[in-house]
Amino acid sequence: MTLEPTYLSAVRESYDTVAADYVKQVPRPAALDPLSRAMLGVFAETVRDAALGPVADLGCGPGFVTAYLAGHGVPVSGVDLSPRMVELARQNHPELSFSIGSMTALDIADGSLGGILAYYSTHHTPPDLLPLIYAEFHRTLAPGGTLMLAGYVGDGERLRPTQGYGGHPVSYESHLRPVEQLVELMQTARLVVTTRVIQEPGNVSKRRIATLLAEKPVGYPAPARTHNGGGA
């Protein structure tokens, strides 16, 4: 039996706690900065035109971005670790499909996805488990499928906030890895990075943001799944 990575409990419980305030405070995609909206548009057009299969929004939260992609003609569903987030997503977007799940072990068939969106949803993952996440991305993407990963990057900082949205207590950690390390790990997982967009700290964010587009090449077998005992 494979045990669940221990950090997932902290992430799940924390986002269940802050979910209602998250919905109130986080801006909708239409209110994002022009570059962020443009990158979502590029991803939407790429996966829609390629038509290699459905798209999974992994770490979808309350479904804001999932619905945005659907509005751009993308056949998309959402997956989130937090049952409360999934509940809110289903309430707000009943026309779309949302499920509870973890990026560490996706309940998605091999090679079935035309695209994966991981939008600010991987920075809670401990660095030593990122290869497991990226291997799952590779496994579930169809050959030629596209991954878009966006989030905060840094110089290896490990953040341990005690309060989240609405001032509620949280116990997750955030890991701000160098973008070069993320690219290297993707390449190790046989995901070819085609685009890097870096937004330096400023009016949009106090932290550096990286948006990466990557493809699963045609003709590569999936990396073997990694099973870590003792809580991973």
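The table for this structure:
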| item | result |
| --- | --- |
| Interchain or long-range residues, amide H under 5 Å from G144's placed H | K216, V218 |
| Estimated dipole of the stretch 60-149 in Debye, rounded to 20 [Cβ of Lys and Arg +1, of Asp and Glu -1, Cα centre] | 120 |
| 3J(HN,Hα) from dihedral phi, the stretch 145-162, Karplus parametrisation 6.51/-1.76/1.60, rounded to Hz, x for glycine, proline | x, 10, 10, 10, 10, 10, x, 7, 10, x, 10, x, 4, 10, 9, 10, x, 9 |
| Which of E136, E180, E95, E215 is most accessible, then next, and so on - probe 1.4 Å | E95, E180, E215, E136 |
| Length-normalised contact order of the stretch 68-126 in % [C-alpha pairs under 8 Å, at least 6 apart] | 27 |
| The stretch 87-207: mean projected area of Cα convex hull, nm² | 9.1 |
| Dimensions in Å of the stretch 165-205 - Rg and Dmax from alpha carbons | 15.0, 40 |
| Scattering profile of the chain at q = 0.09 Å⁻¹ [log10 I(q)/I(0), Debye over alpha-carbon scatterers] | -0.33 |
| Under Karplus coefficients 6.51, -1.76 and 1.60, residue-wise ³J(HN,Hα) of the stretch 87-95 in Hz, glycine/proline x | 4, 5, 4, 5, 5, 7, 9, x, 7 |
| The stretch 1-122: radius of gyration over Cα atoms, expressed as a fraction of 2.2 N^0.38 Å | 1.05 |
| Given charges at Cβ of Lys, Arg, Asp, Glu: the stretch 43-138 dipole, positive-most of L129, A70, G114 | A70 |
| Potential extension, A38-S171 segment - 0.36 nm per residue separation minus Cα distance | 44.6 nm |
| About the Cα centre, charge dipole magnitude for the stretch 75-232 (Lys/Arg +1, Asp/Glu -1 at Cβ), debye | 160 |
| Stretch gain in nm, segment T194-A109, where the contour uses 0.36 nm per residue and the Cα spacing is subtracted | 28.1 nm |
| K24-S99 FRET efficiency (beta carbon distance; Förster radius 22 Å; 0.05 resolution) | 0.40 |
| Size of charge dipole - the stretch 1-95 - debye, nearest 20, with Cβ of Lys, Arg +1 and Asp, Glu -1, no other charges | 160 |
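The values are calculated or read from the model by the stated rules, or taken from the named source; none is laboratory data. Given the structure is predicted, the values throughout are model-derived calculations rather than measurements. In this analysis, Cβ positions are derived from the backbone assuming ideal geometry, glycine residues included, and neighbour counts consider all displayed protein chains. Remember, those area values only see protein heavy atoms, side chains included, never the ligands or the DNA or RNA. Shrake-Rupley method; radii C 1.70, N 1.55, O 1.52, S 1.80 Å.
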